[in-house]
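So the structure is just underneath, and the comments pick up after that.
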Amino acid sequence: MASVLLTGIGELVTNDPTVGDRSRLGLLTDAALVVDDGHVAWVGDRVAAPEADTSVDAGGRAVIPGFVDSHSHLVFAGDRSAEFAARMTGEPYTAGGIRTTVAATRAATDETLTAGVGRLVAEMSRQGTTTIEIKSGYGLTAHDESRALAIARQFTDETTYLGAHVVPSEYADDVASYVELVTGPMLEASRPYAHWIDVFCEDGAFDADQARTILTAGASVGLTPRVHANQLGPGPGVQVACEVGAASADHCTHLTDADVAALADSGVVATLLPGVEFSTRSPYPDARQLLAAGVTVALASDCNPGSCYTSSMPLCVALAVREMQMSPAEALWSATGGGALALRLDKVGWLGVGASADLVVLDAPSYIHLAYRPGVPLVSTVWRRGRQVV
Ligand code: NIG
Ligand code: FE
């Protein structure tokens, strides 16, 4: 692969605090960057840049690391826009809506599901996402969960087995048997295609004991836990996530002081999903409390057909700034470096020598415009693993 010098960068966010302004974003101005063999080979002052095989002028635009969207549910069929419309006129969001998507997903062909994921992944890519986690969770049989994960695997290595998304109708009277299925044959069928295991620990889904059992079973076959925690109300999800050493507790909308302390002590990443609160018209998580306690905060889309059908990380950044009082710098870091920590990836989410060349050129002079100009398509070009993909 020919090396490329990307020069004329008005503002470069490296997420490397040892360079530039020494802030967490490691900001450089009037900068350049060399991409070689899929990686960043050099970063620094434009005037000091080495030669490369080809050169691209960013024309003073800002360059940021590609977004790391560490939480999405893209393998589904059907449409729940009517449920959204009902919510906007006063109906509450409940976990039960998931079953509507389960029925449609089970009935869909592999081709339909694969095309749907491909469309959403392309949509994400156009909005600057270069690393994506994708969960199963709308199949809820051994066959349908492993099928969803095999499809997701065609698009990313960051696949998550979420057989414990909700108890399907056919097991409504026998939850214990469903947990046996999730920890037995369904896990066995899903494991070859999954890297992570997740549980929706919430009233109306799975309780703390069930969540522990399921996450432990997954961990025993090599899947690392992550948890849907404290989304719809206070509950044990965050504590379970900390107990089992999950990579991330996601949602974190209803936390007690003890939950915040547990996250801070354990190092479990709190992944906030502000698109969900926006799309369900619910109170936002208290990002400031988490940050003040020293918790690592990530931002992700949670793109799914029910609680939040946006694929846009720039929207999530704008919501985090405007609705959760995160600074533009905190929000951008959480959507890039924070997402990488939530997925325990060390080559993405930053732009320094040795990092994966995953970057976004913004049609703006500064990353601050992501929040300052909400809803505006600011993504100009996107490079993933050293190749221009948008
Ligand atoms: O993360 N909370 C559970 N799962 C999804 C919602 C899924 C759905 O409504 O279909 C979420 O919000
Ligand atoms: Fe989710």
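Using a 10 Å cut-off around each Cβ, can you sort Cys252, Cys242 from fewest to most neighbouring Cβ atoms?
Cys242, Cys252
Whose amide H sits under 5 Å from the amide H of Tyr309, counting only residues 5 or more places off or on another chain, with H placed in the peptide plane?
Correct list: Asn304.
Short version: ³J(HN,Hα) in whole Hz for each residue of segment 155-162, in order, from phi by Karplus 6.51 cos²θ - 1.76 cosθ + 1.60 (θ = phi - 60°), x for Gly and Pro, what are they?
Karplus values, whole Hz, x for Gly and Pro: 10, 7, 7, 8, 9, 10, 7, 10.
By its C-alpha gyration tensor, with a ≥ b ≥ c as the square roots of the eigenvalues, how is segment 1-71 shaped: rounded for a/c under 1.5, else prolate for a/b larger than b/c, else oblate?
Cα axes put segment 1-71 in the oblate bin.
State, as an integer percentage, the relative contact order of the chain based on alpha-carbon contacts under 8 Å between residues 6 or more apart.
19
Restricting things to Cα coordinates, could you compute the convex hull volume per residue of the chain in Å³?
Taking the convex hull of the Cα positions in the chain, it is 124 Å³ per residue.
Antiparallel DSSP bridges in the chain: what percent, to the nearest 5?
The antiparallel proportion sits near 45 percent.
Pick out which of Ala247, Ala331, Ala122 has the largest mean-square fluctuation in a Gaussian network model of the chain, springs linking Cα atoms closer than 10 Å.
Ala122
Roughly what percent of Cα-Cα pairs across segment 243-361 reach past 19 Å?
Roughly 45 percent, once rounded to a whole number.
Which order, highest average first, do 379-387, 199-207 follow once you tally other Cβ atoms within 10 Å for each residue and take the mean per peptide?
Ranking, from highest mean packing down: 199-207, 379-387.
Report, to one decimal in Å, the Kirkwood hydrodynamic radius for segment 27-132 based on all distinct Cα pairs.
By the Kirkwood definition, the hydrodynamic radius is 18.0 Å.
To the nearest 500 deg cm²/dmol, what mean residue ellipticity at 222 nm is calculated for the chain from DSSP H runs of n ≥ 4 alone, each contributing -39,500 (n - 2.57), summed and divided by the residues?
-9500 deg cm²/dmol
Would you please name the chymotrypsin sites (Phe, Trp or Tyr not before Pro) within segment 72-171 that are DSSP coil residues with at most 10 other C-beta atoms within 10 Å of their C-beta?
none
Modelled label-to-label distance, Asp21 and Ser327, 7 Å Cα→beta-carbon offset: nm?
My value for the distance between the label points is 0.8 nm.
With charges set only on the Cβ (+1 for Lys and Arg, -1 for Asp and Glu), what does the dipole of the chain come to about its Cα centre, in debye to the nearest 20?
660
Coordinate-derived values only; no laboratory data. Computed from a predicted model, the values in this text were never measured in an experiment. Neighbour counts run over all protein chains shown; Cβ positions are idealised from the backbone, glycine included.
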